[in-house]
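Below is one structure; the comments refer to it alone.
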Amino acid sequence: MDLERIVTVSRTRLAFPAEGNWRYRVEISDDGSSDWKLVADQTQTASADRVRNDTTQPGARGRFLRVTFTGLPSGQPAGLADVETSGTSE
């Protein structure tokens, strides 16, 4: 996802299509192709909430944000209903 400017992200909010154990990590990069830095790591979560709010790692700064699924609820395809970030732009 292109944030259209360099942003220091302080929080992410992901909404999934349904409740379930969605496991994922969120990363950020300046150029969208290299040097991805971890923003939030929910690869080991047991949460089944449909909406997840994550406080980011300190210094999470960049222009491009990506979400990588590492686990899905049984029978569900990967999917996001909404993505929201909070932070400051430079």
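The values are calculated or read from the model by the stated rules, or taken from the named source; none is laboratory data. Just so it is clear, the structure is predicted and the values come from calculations on it, not from any experiment. Counting neighbours? That spans all protein chains shown, and the Cβs are built from the backbone with ideal geometry, glycine included. Just so you know, the surface numbers come from the protein's heavy atoms only, side chains and all, with ligands and any DNA or RNA stripped out. Shrake-Rupley method; radii C 1.70, N 1.55, O 1.52, S 1.80 Å.
D35: without any contact (Cβ under 8 Å) to a residue 24 or more places away in the chain, of a type outside the set (F, W, Y), within 21 Å of T88 (Cα to Cα) and open to solvent by 40 Å² or more (accessible area, probe 1.4 Å), yes or no?
Values: without any contact (Cβ under 8 Å) to a residue 24 or more places away in the chain: yes; of a type outside the set (F, W, Y): yes; within 21 Å of T88 (Cα to Cα): yes; open to solvent by 40 Å² or more (accessible area, probe 1.4 Å): yes.
Considered against the rule, which asks whether it is without any contact (Cβ under 8 Å) to a residue 24 or more places away in the chain, of a type outside the set (F, W, Y), within 21 Å of T88 (Cα to Cα) and open to solvent by 40 Å² or more (accessible area, probe 1.4 Å), D35 comes out as yes.
Confirm whether E27 is touching a strand residue (DSSP E or B) at 6+ places or on another chain (Cβ under 9 Å), assigned to a strand (DSSP E or B) and open to solvent by 60 Å² or more (accessible area, probe 1.4 Å).
Details: touching a strand residue (DSSP E or B) at 6+ places or on another chain (Cβ under 9 Å): yes; assigned to a strand (DSSP E or B): yes; open to solvent by 60 Å² or more (accessible area, probe 1.4 Å): no.
When the stated conditions are applied, E27 does not pass them.
Do you know which residues across region 1-24 are under 12 Å from L72 (Cα atoms) and either aromatic (F, W, Y) or open to solvent by less than 20 Å² (accessible area, probe 1.4 Å) (or both)? Before you say what the answer is, go through the steps one by one.
In the first step, residues of region 1-24 are kept if they are under 12 Å from L72 (Cα atoms); the result is 16-24.
If the condition is that a residue be under 12 Å from L72 (Cα atoms) and either aromatic (F, W, Y) or open to solvent by less than 20 Å² (accessible area, probe 1.4 Å) (or both), then F16, G20, W22, Y24 are the ones that fit.
Only residues that are assigned to a loop (DSSP other than H, G, I, E, B), surrounded by fewer than 13 Cβ atoms within 10 Å (Cβ to Cβ) and at pLDDT 95 or above: list them for region 55-73, please. Spell out how you get there, then give the answer.
Of region 55-73, the ones assigned to a loop (DSSP other than H, G, I, E, B) are 56-60, 72-73.
Now restrict to residues that are surrounded by fewer than 13 Cβ atoms within 10 Å (Cβ to Cβ): 58-59.
Result: no residue meets the conditions.
Can you give me the number of residues within region 49-90 that are free of Cβ contacts under 8 Å to residues at least 12 places away in the same chain and over 17 Å from G20 (Cα atoms)?
Qualifying residue count for the region: 1.
Taking region 38-54, which residues are part of a loop (DSSP other than H, G, I, E, B) and either in contact with a Cys (Cβ under 8 Å, 6 or more places away or on another chain) or surrounded by 15 or more Cβ atoms within 10 Å (Cβ to Cβ) (or both)? Before the answer, list the steps.
Of all residues in region 38-54, those part of a loop (DSSP other than H, G, I, E, B) come to 43-50.
T45 - this is the single residue of region 38-54 that is part of a loop (DSSP other than H, G, I, E, B) and either in contact with a Cys (Cβ under 8 Å, 6 or more places away or on another chain) or surrounded by 15 or more Cβ atoms within 10 Å (Cβ to Cβ) (or both).
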